[in-house]
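Structure first, commentary second.
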Amino acid sequence: MGKYEAYLGSLLTHLLWAFVRPRKLGVVLSADAMLRLAPGLIRIPDVCFFSWARLPGRKVTGEAFYETAADLAVEVISPSNTRKEMQQKLHEYFAGGARLVWYVYHRPRKEVRVYTSPQDCSVLAADQVLDGGDVLPGFRLELRELFAEPEGPERE
């Protein structure tokens with residue numbers, strides 16, 4: 001993942017946490033969370049959300065892997081990601097039990113592909129609103145906010 005992809009992943013993690021935490025819905029994890037989707041199959045989404053119901057004992061434990069898919073898996077697509085690779089990941093996430101997958105593209109055009117199954121996809125352009133569907137009801141993100149260039153202070 002490049003710098004800009006890491007930026008988008010961090011921003012999404014922050015925005016999701018800001019929604020999830022006060023509502024006590026579960027946990028949002030960054031790109032270090034390893035998910036064992038099947039024996040011998042580990043995936044590391046760029047961002048993921050686990051509802052409390054998916055976490056054993058409703059706790060975040062110190063184990064190296066989660067033994068289940070997240071409710072929501074997010075992949076920020078890099079130029080090195082191939083279509084075949086991402087299609088395979090999509091099938092693996094849903095076969096492992098994911099309920100929602102977002103693929104975030106920032107080039108060549110800014111869009112988010114929202115999957116509710118490997119076959120069901122909605123494509124949202126940068127001027128549209130991403131919502132959390134049944135997984136995160138009430139979550140809304142204007143994609144122009146996600147894709148806005150970060151701004152530093154004015155130089156004097």
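Nothing in this text is a laboratory measurement; each read-out follows from the coordinates by a stated rule. Treat the numbers as computed from the prediction; the structure is a model and nothing was measured. Backbone-built Cβ (ideal geometry, glycine too); neighbour counts: all protein chains shown.
Structure notes:
- With a Förster radius of 25 Å applied to the C-beta separation of K3 and E151, the computed FRET efficiency comes to 0.95.
- Here the chain carries DSSP beta bridges of which approximately 75% are antiparallel, counting only pairs with both residues inside.
- Degrees, to the nearest 10: 83-96 long Cα axis against longest axis of the chain: 40 degrees
- In the chain, the alpha-carbon atoms span a convex hull of 138 Å³ per residue.
- Here the calculated FRET efficiency for T116 and A95, from their Cβ-Cβ distance with R0 = 22 Å, stands at 0.95, rounded to the nearest 0.05.
- Separation in nanometres of the label points that stand 7 Å from Cα toward Cβ, at D127 and E85: 3.3 nm
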